[in-house]
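Colleague: One structure coming up, written as structure tokens, with questions to follow.
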Amino acid sequence: MKFRIVSIDGGVCVVDGVYASGVYAGFKQDGMDLGFIRSDYLMKVAYLFTTNRFKAAPLKYVLNNDIKTTNFILANSKNANALTGKEGVKDIEEILSFLSTKIEVKNPIMSSTGVIGVRLDKEKIKKGIEKFNFNEKNSTKFAKAIMTTDKFEKEVAFEVEGDFGKFKI
């Protein structure tokens, strides 16, 4: 079987039915710091653990709720929501509950990166959610929104073609 894989622009949004974007919510001095990936269909959730025994609130939330599929990922930078105890998980529950009043979501999950030991500013995140265009297809904005000490945004997409047809990932 012959096939061809070519790198293309567009990030995760090249996949039909997948949307992404980022906004400024007020965590960083400037630039985007809150983003989302949304799908018209359920996506499988996969976990990759380090050897660290410590689990931050976003991971605890997913594990506590045994989430295996989702159609929405909310991510923020500048605050890792780590070492925040049960309150950190409750903050996620409140934020995702608020999100569900803005758009239909199934098993939404949250990811956070940044400073450790500080609870999330739920009001900033809620105001950021209000700014989202949930139908936007701009994976570069999402990639910028989750940057912490990175020097450039990271995203990748491929077109795969073979005897089986052609698709984008």
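Colleague: Taking R0 as 30 Å, what's the FRET efficiency between Asp150 and Met1 from their Cβ-Cβ distance, rounded to 0.05?
Modeller: The formula returns an efficiency of 0.20 here.
Colleague: Before rounding to the nearest 500, sum -39500 (n - 2.57) across all DSSP H runs of length at least 4 in the chain and divide by the residue total; then give [θ] at 222 nm in deg cm²/dmol.
Modeller: Taken over the chain, the calculation gives -7000 deg cm²/dmol.
Colleague: Further question: Taking a point 7 angstrom from the Cα of Arg119 along the C-beta vector, which residues in the stretch 61-90 have backbone N less than 17 Å away?
Modeller: Output list for this probe position: 61, 79-90.
Colleague: For Gln29 and Lys102 in one chain, what is 0.36 nm times their gap in residues minus the Cα-Cα distance, to one decimal in nm?
Modeller: 23.6 nm
Colleague: Next question. Select from Gly31, Asn133, Asn79 the residue farthest towards the positive end of the dipole of the chain; place +1 on Cβ of Lys and Arg, -1 on Cβ of Asp and Glu, and compute about the Cα centre.
Modeller: Asn79
Colleague: Do the alpha carbons of any pairs in Lys28/Lys124; Lys2/Lys154; Lys90/Lys137; Lys106/Lys154; Lys55/Lys86; Lys28/Lys127 sit beyond 21 Å of each other, and which pairs?
Modeller: From Lys28/Lys124; Lys2/Lys154; Lys90/Lys137; Lys106/Lys154; Lys55/Lys86; Lys28/Lys127, over 21 Å: Lys2/Lys154; Lys90/Lys137; Lys106/Lys154.
Colleague: On to the next question. Order the peptides 29-39, 44-54 from the highest to the lowest mean number of other Cβ atoms within 10 Å of their residues.
Modeller: 29-39, 44-54
Colleague: May I have the extent of the alpha carbons of the stretch 1-74 along their three principal axes, as whole Å values ordered from largest to smallest?
Modeller: Ordered largest first, the stretch 1-74 gives principal extents of 44, 35, 26 Å.
Colleague: Compute for the chain: radius of gyration divided by Kirkwood radius, i.e. Rg/Rh, restricted to C-alpha atoms, rounded to two decimals.
Modeller: With Rh from the inverse mean 1/r over Cα pairs, Rg/Rh is 0.99.
Colleague: Among 69-79, 100-110, 12-22, how do they line up by average Cβ neighbours within 10 Å per residue, starting with the highest?
Modeller: For the peptides 69-79, 100-110, 12-22, the packing ranking is 69-79, 12-22, 100-110.
Colleague: Another question about this same structure. Leaving out ligands and nucleic acids, and using a 1.4 Å probe, what accessible area per residue does the chain come to in Å²?
Modeller: 59
The values are calculated or read from the model by the stated rules, or taken from the named source; none is laboratory data. Just so it is clear, the model here is predicted, and its values are computed rather than measured. Positions of Cβ are generated from backbone atoms using ideal geometry, with glycine treated the same way; all protein chains shown enter the neighbour counts. Protein only, heavy atoms only, side chains kept; ligands, DNA and RNA dropped before computing areas. Shrake-Rupley method; radii C 1.70, N 1.55, O 1.52, S 1.80 Å.
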